[in-house]
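Asks: Supplied in structure tokens, the structure appears directly below.
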């Protein structure tokens, strides 16, 4: 069977030796970055089907205004659209033998639980990321090479080859456009941006000479947060692999306000033990999650996709 066994050193035998350190170490793993920004919906419950819907309400079609004393009250209307996510099972497991459990110096179940927790964090973060990446509101440097202007597009892809690093001048115009589009802030009036570490290197260099994330009073600091600039808080992630754009100048980055991705939970992630079989000789531990993720404003057509709250810095290659 696939799993952890005593007779193969790399699959379990190394868990005991004459001079094995008592200190428990595992490989470095990133924590969740994208999932921490999802809008959690806990009220799905059992017996309600695999699809979860939420309503998205537009502004009133006509603006209000000044009224004369005997003028009739104006009337208007708004439209309602729906977002949808599909509830899905997620999980992974690590079987192990009774012999490995009995003879190992390190507690096999505790080791596996720690490894499984890392795996659950990566898997669910990638699921959340896939919905951030589904936004149809794209941004690229103007002409592919501008260091101080950008072009917004609506669609699934862009034809522009992004040939410059993401810099503070780009951040300024992206944030200005987000405000012009009335994209609400995620935390009060502040926006967030997530990207891989090297994508933020030029901005981090600039932050050293401008200012760092200095705030008075208590507030939440998000995992991976590195600084604040132009009303935007930057978060590094390494869960999602580089996109390997042909010029290797940058990588995708996400800028967003409030109401980003909805997470519907039926059962939170949990550790489960396998019922032993083969007379107690075959054991196992798994993590399990029942839920799903969906972009909150998942407009299926370009006509309304401009209402997306997530902006993706992207490239044609």
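Bear in mind these aren't lab numbers, they're just calculated from the coordinates by the rules spelled out. It should be emphasised that the depicted structure is a prediction, and the values quoted were computed from it without experimental measurement. Glycine also receives a Cβ, built like all others from the backbone with ideal geometry; neighbour counts cover every protein chain displayed.
Asks: Taking the Cα atoms only, what angle lies between the long axis of helix 108-132 and the longest principal axis of the chain, rounded to 10 degrees?
Replies: Its long axis makes an angle of about 20 degrees.
Asks: Nearest 10 degrees, 0 to 90: what angle lies between the long axis of helix 168-180 and the longest principal axis of the chain (Cα atoms)?
Replies: 60 degrees
Asks: Need the full-extension length gain, residue 36 to residue 149, defined as separation in residues times 0.36 nm minus the C-alpha distance. One decimal, nm.
Replies: 37.7 nm
Asks: Can you tell me the length gained on complete extension of the stretch residue 56 to residue 169, counting 0.36 nm per residue apart and subtracting the Cα distance?
Replies: 37.4 nm
Asks: Let me ask you something else. So for the chain: antiparallel DSSP bridges make up what percent, rounded to the nearest 5?
Replies: On the way: 46 of 59 bridges.
Once the DSSP bridges in the chain are tallied, antiparallel ones form about 80 percent.
Asks: Follow-up. Using a 10 Å cut-off around each Cβ, can you sort 233, 272 from fewest to most neighbouring Cβ atoms?
Replies: Ascending Cβ contact count within 10 Å gives the list 272, 233.
Asks: Counting pairs of alpha carbon atoms under 8 Å apart in space and at least six apart in sequence, what relative contact order in percent does the range 94-193 give?
Replies: Normalised by residue count, the contact order of the range 94-193 is 16 percent.
Asks: Grab the Cα-Cα distance for residue 243 and residue 180, subtract it from 0.36 nm times how many residues apart they are, and report the gain in nm with one decimal.
Replies: Working: separation 63, 0.36 × 63 = 22.68 nm, distance 2.93 nm.
Working it through step by step, the gained length comes to 19.7 nm.
Asks: Would you order 89, 177 from fewest to most other beta-carbon atoms within 10 Å of each residue's own beta-carbon?
Replies: 89, 177
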